[in-house]
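A.B. asks: The structure under discussion is supplied below as structure tokens; questions concerning it will follow.
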Amino acid sequence: MQWEQRNYEEQIDLVALIAEVLRKWKWLIAAAVVGAVLLGGVKFLKPASTEIDQEQVTAVQNALNGNRATLAADQTELETNRNNIEVNEGKIDANEELIVTYRDTNASQKEMLSALEDGLDRAQDVLSDRRATAEELSEVIVQLPTLTNDITTVNNQLNATAQQISAAENEIASWKNEIRTMTDRNEVLEQAIDDLEAQIAEQESQLAVLQQGTVKKDSILTFALLGVLLGVIVVCGVVFLGFILDKKMRSSADLKERYQLAIFGELYSKKAKGRKGFARKLDKLAGDVQTLPDEEEVYRLIAAGVQAAVKGPCRLAVTGTVEKDVLEEVSGKLQALLPETFQITAKENPAYNAAFLAEIRDYSVLLVEAKGVSEKPEILRLMEILGRNEVHVLGAVVR
């Protein structure tokens, strides 16, 4: 018995704990009301605070800085494009003037070529004329190489001038294409700049509002509900602490599991008899119930259990940590139900009854314990005495 007791592990009965919390429903309501009034009152008296959403302020500021940087880049590009357009237009004007000059030169060269070709034709006519004198032929022969060289030179000059005109025209076309490209880009940039300026103005306005902050308006109802919750938590905590520190027996299962005793019967406790309605349901939830509605029937079952556990005559001591009148009540009920061979005596807790302790080995023992009355240290002491004296314990009755 001692070994079994030492290896028993305490367990918290959650159902019994819930029942104990519900028994304190008045405390729960009072704590909820007090909590709601206190926290709601604190909120009511507390002045409103200004709150700045720094995360949103940072986000808007970063977006604003990005738009400003983009705007500066677009404005720089637009100004550069405008300057390049102006430079290209100047180059076009200069090349157009060059083209006019080249064309004038080309016209002069063509006139010169025409004159040289006419001179060559006349020279050839002289050479082919049989009537030409030797002097005329000699003069033509001398001029002919010069004319040929001059014609070649002028042709080369004409080709060079034509190439200069073509190159100038190509440059003009290229610059005009650049101007068109930059003009189209400038239209996009101007629209983007307008959009960015509008966004920046909106963001600056939004940032100013955010930096002013918003008035934080927490609902009084929220604080009141929080007070209700805190009040309930406090009461539940107190009840839980008291529950785990309470050393009293709560149910027959406590006695059975702790000491491996047979439970012959379970009767309503004195406190349970006076409860009704919701309190009675909580008793049932916590396990404080009678095995049968009829108390006399329960005693008959107890008597039958005792007879089954003991064969033949028996000196039976009804003892326990409860009051002596409870022991006498149980022994009296059993005496009326058991045969005359059973000598039944109500004996006070042997821990406080030296006379009974001296002759305890002559008895078989039926324990009577009370839920919510008997304390575990008292029962522990009683069980140590019974185990040390090797007393035959039949079982227990829970009252």
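The values are calculated or read from the model by the stated rules, or taken from the named source; none is laboratory data. Keep in mind that what you see is a predicted model, and the values were worked out from it rather than measured. Cβ coordinates were reconstructed from backbone atoms using ideal geometry, including for glycine residues, and neighbour counts include every protein chain displayed.
A.B. asks: Residue under question is VAL126, and the condition is that it be more than 21 Å from THR161 (Cβ to Cβ) and among the β-branched types (Val, Ile, Thr); does it hold? Can you show your working first?
C.D. replies: On the way: more than 21 Å from THR161 (Cβ to Cβ): yes; among the β-branched types (Val, Ile, Thr): yes.
Against the criterion (more than 21 Å from THR161 (Cβ to Cβ) and among the β-branched types (Val, Ile, Thr)), VAL126 qualifies.
A.B. asks: So, in region 137-181, how many residues would count as being in contact with a helix residue (DSSP H, G or I) (Cβ under 6 Å, 6 or more places away or on another chain) and hydroxyl-bearing (Ser, Thr, Tyr)?
C.D. replies: 1
Residues checked against (1) assigned to a helix (DSSP H, G or I); (2) of a type in the set (Val, Ile, Thr); (3) exposed (fewer than 14 other Cβ atoms within 10 Å of the Cβ); (4) touching a strand residue (DSSP E or B) at 6+ places or on another chain (Cβ under 9 Å):
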site: GLN124; (1), (2), (3), (4): yes, no, yes, no
site: SER138; (1), (2), (3), (4): yes, no, yes, no
site: VAL142; (1), (2), (3), (4): yes, yes, yes, no
site: VAL154; (1), (2), (3), (4): yes, yes, no, no
site: THR161; (1), (2), (3), (4): yes, yes, no, no
site: GLU171; (1), (2), (3), (4): yes, no, no, no
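A.B. asks: Now for a separate question. Exactly one of (1) modelled with pLDDT of 85 or more; (2) under 22 Å from ALA107 (Cα atoms) is unmet by LEU147. Its number?
C.D. replies: Condition not satisfied by LEU147: (1).
A.B. asks: Among (1) modelled with pLDDT under 85; (2) on the phi < 0 side of the Ramachandran plot, there is one condition LEU301 misses while meeting the rest; what is its number?
C.D. replies: Only one criterion in (1) modelled with pLDDT under 85; (2) on the phi < 0 side of the Ramachandran plot is unmet by LEU301, namely (1).
A.B. asks: Which is under 60 Å from the mean Cα position of the chain (by Cα), assigned by TED's automatic domain parsing to the domain that holds GLU187 and within 18 Å of GLU171 (Cβ to Cβ), of ASN84, ASN88?
C.D. replies: Only one candidate passes the filter, namely ASN84.
A.B. asks: If I ask for residues that are outside any loop (DSSP other than H, G, I, E, B), at pLDDT below 70 and under 32 Å from the mean Cα position of the chain (by Cα), which ones from region 15-48 would you list?
C.D. replies: Listed by number, the residues that qualify are LYS43, PHE44.
A.B. asks: Restricting to region 53-79, give me the number of residues that are over 30 Å from VAL209 (Cβ atoms) and either surrounded by fewer than 12 Cβ atoms within 10 Å (Cβ to Cβ) or under 35 Å from the mean Cα position of the chain (by Cα) (or both).
C.D. replies: The number of residues fulfilling the criteria is 1.
A.B. asks: For region 228-242, which positions are crowded, with 16+ Cβ neighbours inside 10 Å and closer than 10 Å to VAL21 by Cβ?
C.D. replies: Within region 228-242, VAL232, VAL235, CYS236, VAL239 qualify.
A.B. asks: Pick from region 176-214 the residues that are of a type in the set (Ser, Thr, Tyr) and either closer than 22 Å to ASN65 by Cβ or not in a helix (DSSP H, G or I) (or both): which of them is farthest from the chain's Cα centre (by Cα)?
C.D. replies: Only one residue fits best here, namely SER205.
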